[in-house]
1. If we scan the stretch 319-326, do we find a residue that is loosely packed, with under 14 Cβ neighbours inside 10 Å and under 16 Å from G227 (Cβ atoms)?
2. Give the residue that is farthest from C246 (Cα to Cα), with candidates limited to residues of the stretch 171-201 that are open to solvent by less than 40 Å² (accessible area, probe 1.4 Å), more than 16 Å from ligand 2 (Cβ to nearest atom) and without any contact (Cβ under 8 Å) to a residue 40 or more places away in the chain.
3. Return a yes/no flag: does the stretch 216-233 have any residue that is among the small types (G, A, S) and open to solvent by 60 Å² or more (accessible area, probe 1.4 Å).
4. Go through the stretch 268-287 and report how many residues are farther than 24 Å from Y328 by Cβ, in contact with a strand residue (DSSP E or B) (Cβ under 8 Å, 6 or more places away or on another chain) and either without any contact (Cβ under 8 Å) to a residue 12 or more places away in the chain or open to solvent by 10 Å² or more (accessible area, probe 1.4 Å) (or both).
5. Of all the residues that make up the stretch 83-99, how many are open to solvent by less than 20 Å² (accessible area, probe 1.4 Å) and in a helix (DSSP H, G or I)?
6. Could you say which residue among M300, M229, M274 is over 24 Å from Y413 (Cα atoms) and of a type in the set (A, V, I, L, M)?
7. With respect to P299, is the statement that it is part of a helix (DSSP H, G or I), modelled with pLDDT of 95 or more and out of contact with any strand residue (DSSP E or B) (no Cβ under 9 Å at 6 or more places or on another chain) true?
8. Pick out the one residue from R420, R414 that is surrounded by 15 or more Cβ atoms within 10 Å (Cβ to Cβ), modelled with pLDDT of 60 or more and not in a helix (DSSP H, G or I).
Amino acid sequence: MDILVVGGGGREHAIIMKLAESKKVGKLYCTPGNGGISKYAECFDVAATDIEGVVALAKKLKVDMVAVAPDDPLVLGMVDALQAEGFKTFGPKKDAAIIEGSKVFSKELMKKYNIPTAQYEVFDNSAEAIAYVKKQNTYPAVIKADGLALGKGVILAQNEEEAVEAIHSMIDELKFGKSSSTIVVEEFLTGPEVSVLSFTDGKTVVPMISSMDHKRALDCDLGLNTGGMGTVAPNPYYTEDIAKQCMEQIFLPTINAMNAEGRTFEGCLYFGLMLTPKGPKVIEYNCRFGDPETQVVLPMLDGDLCEIFEAIYEHRLADVNIGWKEGYCTCVVMASGGYPTSYKKGYEITGLDENGQVDGAFVYHAGTKLADGKFTNNGGRVLGVTCTALTLQGALDKSYAAVKKINWEDVHYRSDIGQRALKALESTDPLELGYKEDMEEYIEENGVYLRQ
Ligand code: AMP
Ligand code: GLY
């Protein structure tokens, strides 16, 4: 099968590397792709959100399947457009992608079908939202834009002033455009977060190995929220008991709820979970593979990704063997200094080769450009330095050894990826660990890494 992958980040690089392992796969194409991907898949200049352009490209290349990875084209209906032209696809159709495209939709779905999540109210009027927040008078207050906002649409307001500002900026000033004309104000939940990606064809749901993202820009979970600065898999907080509970209370009910709504979900459904003292609750759904979760999940997959994509399309996922390798996988994201706000592009990256010059490491490209044989930084998140090993410490040591050999001006990365997971592995009761407290020792030894 010749396959076109739509997207151009580390996640797409990981998808392409896994597809390349399959005996079923012929030619691989990617649009827009990036410098690193171009070695494995021919890349094109069609934007990931350009539905007509992607359909035309798929026709020109006569591919057998198109896998759509990012949220925007899925929510815009790219899969519907491709299927209308007779292509096999991987990814949900528009009416199912709304599970990520609208927080109001996903919150109402969870309420209607009793799927555990934070309490919430919906507003499209700022005065009413402000009155509600003032009446609740509990902080942090969680304020979310209804629509897509590049992962930045959630504000945790620490006090009334911040909450009022967040509400005005979203509803009145349309900080995220139409995406924030309606907002969700929800209860603040506490507990460790777990990402569980799953394969589903609407009949069967197969959770992938769990993972832990590190969303804040700086060590010890300080700084701004980002798309994700690093990941580890599996997530040690996600025990077998919790997995069972999630399957019964969250995963199956969600798949069934989408079917009952006439919005069967086919593709990768991402469950962003929080393990609260009252049990696991859904923080968010994504209608796609996570980034950088995919970079640690797919290397652990013992199975044929092309076969899985085909089986989902043909609604026979139950027949496919899907296993997970022993051990751990870790990904440290190397970003442009200044990310997630402003940063400069175009610096030459030195010390970069495929495995970061460390045996067993692999460097996924997220935002690089290749010109005249040189790689330069070309995005906020630039590289995802990834390793597998039998132990978490072993994987982290290798990831960081490779990270230290790669450099460019203003490079920024977190130096504590996996530290919390290591603490959880050592603890007899990890759910009792508070992050700030158990990181104190780490901060004392290492200082807080604030290089930006
Ligand atoms: P989201 O984009 O919905 O994943 O939210 C981004 C981050 O905000 C999450 O990963 C959480 O760390 C945090 N967050 C979102 N909703 C809540 C909530 N109800 N309580 C506490 N933290 C939250
Ligand atoms: N890493 C979180 C996401 O992909 O949304």
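1. no
2. Out of the qualifying residues, it is G177.
3. Taking the stretch 216-233 and keeping what is among the small types (G, A, S), we get 217, 223, 227-228, 230, 233.
Remaining after also requiring open to solvent by 60 Å² or more (accessible area, probe 1.4 Å): none.
No - not one qualifying residue is present in the stretch 216-233.
4. Qualifying residue count for the region: 2.
5. 3
6. Details: M300 fails: over 24 Å from Y413 (Cα atoms); M229 fails: over 24 Å from Y413 (Cα atoms).
Every option except M274 fails the conditions.
7. Numbers: part of a helix (DSSP H, G or I): yes; modelled with pLDDT of 95 or more: yes; out of contact with any strand residue (DSSP E or B) (no Cβ under 9 Å at 6 or more places or on another chain): no.
It is false that P299 is part of a helix (DSSP H, G or I), modelled with pLDDT of 95 or more and out of contact with any strand residue (DSSP E or B) (no Cβ under 9 Å at 6 or more places or on another chain).
8. Values: R420 fails: not in a helix (DSSP H, G or I).
Testing whether each residue is surrounded by 15 or more Cβ atoms within 10 Å (Cβ to Cβ), modelled with pLDDT of 60 or more and not in a helix (DSSP H, G or I) leaves just R414.
The values are calculated or read from the model by the stated rules, or taken from the named source; none is laboratory data. Treat the numbers as computed from the prediction; the structure is a model and nothing was measured. All Cβ positions, even for glycine, are placed from backbone atoms using ideal geometry, and neighbour counts span all protein chains on display. In case anyone asks, the SASA skips ligands and DNA or RNA and just uses the protein heavy atoms, side chains included. Shrake-Rupley method; radii C 1.70, N 1.55, O 1.52, S 1.80 Å.
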